[in-house]
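Reviewing the structure listed below.
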Amino acid sequence: MRRYDWLKEIRRLDPERDHLRIYRITATLEFPWDMARALELALYRTYAVPSIGRLLAETAELTDRTQKRYDDTALLLDAVVEHGFDGTKGRAAIRRINQMHRSYDISDDDMRYVLCTFVVVPKRWIDRYGWRRLSDHETHAMATYYATLGRHMGITDIPRTYEEFAHCLDSYEEAHFGWDEGARRVSDATLDLMAGWYGPLAPVVRGASMALLDDSLIAAFRYRPPRPVVRTVVRTALRLRSRAVRLMPPRRTPHYARQNPEIKGYPNGFRITELGTFPGRRTGTCPVPHPEGRGPSTATGGAGTESSA
């Protein structure tokens, strides 16, 4: 295979009909590392909306059990990418997301905003730091993929195009980003978790992570702005990485999030039905807010399905 063969395959597909196939190629073959980083940033952005960040702080899941919440969220979303909306394991993952959030009073607007981050943040990240920009086919397919996920989660008034997703995200952040003490605790715990993966390099990695936050996030969490030279060094390093990746041969085997070294909580495998939190047993949530029952979902019935890493 040659470097652009997957892109040629994508362009032969229909972004509406084949959105799952296209998104799977993009996320697991063309940009698995970038997609993981972008989705981390997408979920992190949601903390800056006080109604979301405050709820996550009140549950204590993202401050007291940060690694587990990271693992479970990544694995549940990953199962849908790998197995599809109609596959047994994909349906079980959506069911778990819906089951976890039916006890929480979360607005349709907040749920829609979270969905928008999954579309817009990866597009912007990859266009800036990926080894190539996303094609129109990929952008269209990604918007269709997450619109489909949103319908399964019962989210209402879902944007139809990438441009609509981007407008929704930008306008919502402009109107709602702001300070909340609980959200700041969630932000600190998340940054500490990610930096902690790198042992003695943790302070450097935390500083690098801060350098990737835009001014609106820095202001919302009341962090001290990174020095311009630090931002320049970090962003230049990512662009140099993209040039190196461009020279590599294309990936032949899909790389799913469950294979990422950052997933640390399930060395012996996992069951989809046991991921996440069980509010009946203890208070908790995960970073994809959704109260089951706000809209119809095609993935709420039936028994859960086992899955192993």
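The values are calculated or read from the model by the stated rules, or taken from the named source; none is laboratory data. All figures in this text were calculated on a predicted structure; none of them were measured in a lab. Cβ atoms come from the backbone with ideal geometry, glycine included; neighbour counts cover every protein chain shown.
Would it be correct to say that A244 is assigned to a helix (DSSP H, G or I) and over 28 Å from E30 (Cα atoms)?
It is false that A244 is assigned to a helix (DSSP H, G or I) and over 28 Å from E30 (Cα atoms).
Working only within the stretch 161-180, note down all residues that are out of contact with any Pro (no Cβ under 7 Å at 6 or more places or on another chain), surrounded by 15 or more Cβ atoms within 10 Å (Cβ to Cβ) and among the hydrophobic types (A, V, I, L, M, F, W, C).
A166, L169, F177 - these are the residues of the stretch 161-180 that are out of contact with any Pro (no Cβ under 7 Å at 6 or more places or on another chain), surrounded by 15 or more Cβ atoms within 10 Å (Cβ to Cβ) and among the hydrophobic types (A, V, I, L, M, F, W, C).
Restricting attention to the stretch 209-228, which residues are over 17 Å from A42 (Cα atoms) and either in contact with a helix residue (DSSP H, G or I) (Cβ under 9 Å, 6 or more places away or on another chain) or among the hydroxyl-bearing types (S, T, Y) (or both)?
R222, Y223, R224, P225, P226, R227
Take the residues in the stretch 158-180 that are in a helix (DSSP H, G or I) and in contact (Cβ under 8 Å) with a residue 60 or more places away in the chain; name whichever of them is farthest from L39 (Cα to Cα).
So the residue we want is H176.
Could you please give the count of residues in the stretch 140-157 that are in contact with a helix residue (DSSP H, G or I) (Cβ under 8 Å, 6 or more places away or on another chain), in contact (Cβ under 8 Å) with a residue 60 or more places away in the chain and assigned to a helix (DSSP H, G or I)?
The qualifying residues number 8.
Which of (1) over 30 Å from K8 (Cβ atoms); (2) within 18 Å of the chain's Cα centre (by Cα); (3) of a type in the set (F, W, Y) does W179 not meet, given it meets every other one?
(2)
Every residue in the stretch 181-199 that is part of a helix (DSSP H, G or I) and either hydrophobic (A, V, I, L, M, F, W, C) or crowded, with 21+ Cβ neighbours inside 10 Å (or both), please.
A183, V186, S187, A189, T190, L191, L193, M194, A195
Taking into account only those residues within the stretch 1-33 that are aliphatic (A, V, I, L, M) and at pLDDT 95 or above, which is farthest from V121 (Cα to Cα)?
L13
Being within 20 Å of the chain's Cα centre (by Cα), assigned to a helix (DSSP H, G or I) and either of a type outside the set (V, I, T) or under 13 Å from E174 (Cβ atoms) (or both) is the filter here; which residues of the stretch 209-219 pass it?
Result: S209, M210, A211, S216, L217.
Only one of G269, G265, G276 is in contact with a helix residue (DSSP H, G or I) (Cβ under 6 Å, 6 or more places away or on another chain) and on the phi > 0 side of the Ramachandran plot; which?
Sole residue among the options that is in contact with a helix residue (DSSP H, G or I) (Cβ under 6 Å, 6 or more places away or on another chain) and on the phi > 0 side of the Ramachandran plot: G276.
So which of A303, A299, A257 ends up being under 19 Å from L62 (Cβ atoms) and either modelled with pLDDT under 95 or among the hydroxyl-bearing types (S, T, Y) (or both)?
A257
Among the residues in the stretch 201-208, are any in a helix (DSSP H, G or I), more than 18 Å from the chain's Cα centre (by Cα), crowded, with 20+ Cβ neighbours inside 10 Å and on the phi < 0 side of the Ramachandran plot?
Taking every residue of the stretch 201-208 in turn, at least one turns out to be in a helix (DSSP H, G or I), more than 18 Å from the chain's Cα centre (by Cα), crowded, with 20+ Cβ neighbours inside 10 Å and on the phi < 0 side of the Ramachandran plot.
Please find, within the stretch 182-200, the residue that is nearest to the chain's Cα centre (by Cα) out of those that are more than 16 Å from T46 (Cα to Cα) and of a type in the set (G, A, S).
Only one residue fits best here, namely A195.
Could you please let me know if R160 is among the basic types (K, R) and within 29 Å of R102 (Cα to Cα)?
Taking the combined requirement at face value, the residue satisfies it.
Just the residues that are crowded, with 21+ Cβ neighbours inside 10 Å, in a helix (DSSP H, G or I) and either under 11 Å from the mean Cα position of the chain (by Cα) or touching a residue at least 40 places away in the same chain (Cβ under 8 Å) (or both), please, taken from the stretch 11-35.
Answer for the stretch 11-35, where residues must be crowded, with 21+ Cβ neighbours inside 10 Å, in a helix (DSSP H, G or I) and either under 11 Å from the mean Cα position of the chain (by Cα) or touching a residue at least 40 places away in the same chain (Cβ under 8 Å) (or both): H19, I22, Y23, T26, A27, E30, D34, M35.
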